[in-house]
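Asker: Attaching a single structure in structure tokens format; questions to follow.
The values are calculated or read from the model by the stated rules, or taken from the named source; none is laboratory data. Fair warning: this is a prediction, and the values are worked out from it, not measured in the lab. Cβ sites come from the backbone with ideal geometry, for glycine too, and all protein chains shown count toward neighbours. In case anyone asks, the SASA skips ligands and DNA or RNA and just uses the protein heavy atoms, side chains included. Shrake-Rupley method; radii C 1.70, N 1.55, O 1.52, S 1.80 Å.
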Amino acid sequence: MYAVVETGGKQYRVAPGQKVRVDRLEGDLGSSVTLDRVLVVVDDNHNLIAGNPTVSGATVSARIVEQHRDRKVLVFKYAKRKRRRTKTSSRHYYTTLHIGDIRN
């Protein structure tokens, strides 16, 4: 059984017992999260339930395992013969979820 859920503007294929790294979600470590934007559900008999745009009544329960930041990404812009140099950096926030069960 697996499902396709949408969170943070991105879609993820999730299955029970799987760990998924998604864009940051609010919550403490160990707290439970319910993902209700379920786009597709496929059960153990390979029956596909597709939503328009979401499957009504379908939810995916998950537990927050980790709140962390990604490694630093450096951006260096350089314009030759213009004396222009710009160096910036960013670190992206992520949440790691442990998928519990899928209800449809």
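Asker: Carbon and sulfur atoms: what percent of the 1.4 Å accessible area of the chain do they account for?
Answerer: Ligands and nucleic acids excluded, carbon and sulfur reach 45 percent.
Asker: Moving on. Å³ per residue of the Cα convex hull, for the chain?
Answerer: Here the figure is 129 Å³ per residue.
Asker: So what is the relative contact order for the chain, in percent, with contacts set as C-alpha pairs under 8 Å and at least six apart?
Answerer: Answer for the chain is 33 percent.
Asker: In what order, largest first, do Tyr94, Tyr78, Tyr2 sit by accessible area if the probe radius is 1.4 Å?
Answerer: Largest to smallest exposure gives the sequence Tyr78, Tyr2, Tyr94.
Asker: Please state the equivalent ellipsoid semi-axes for the range 14-75: what are the square roots of 5 times the Cα gyration tensor eigenvalues, largest first, in whole Å?
Answerer: For the range 14-75, the ellipsoid semi-axes come out as 27, 15, 12 Å.
Asker: For Arg24, what accessible area in Å² do you get when you roll a 1.4 Å probe over the heavy atoms of the protein chains, rounding to the nearest 10?
Answerer: 110 Å²
Asker: Mind listing which GluC sites (Glu not before Pro) in the chain are in a DSSP loop and have 15 or fewer other Cβ atoms within 10 Å?
Answerer: In loop regions of the chain (DSSP not H, G, I, E or B), the sparsely surrounded GluC sites (Glu not before Pro) are Glu26.
Asker: Taking K and R as +1 and D and E as -1, what net charge do the other residues with C-beta under 12 Å from the C-beta of Arg91 add up to?
Answerer: Spelling it out: positives minus negatives among the neighbours equals +3.
Asker: Using the Cβ atoms and a cut-off under 12 Å, what net charge is assigned to the surroundings of Met1, where Lys and Arg are +1 and Asp and Glu are -1?
Answerer: -1
Asker: Okay, next question. Report the Cα centroid-to-centroid distance between the range 80-104 and the range 1-57 in angstrom, as an integer.
Answerer: The range 80-104 and the range 1-57 have Cα centres spaced 21 Å from each other.
Asker: Just how much of Arg63 is accessible, in Å², when a 1.4 Å probe is used and the result is rounded to the nearest 10?
Answerer: Rounded to the nearest 10, the figure is 110 Å².
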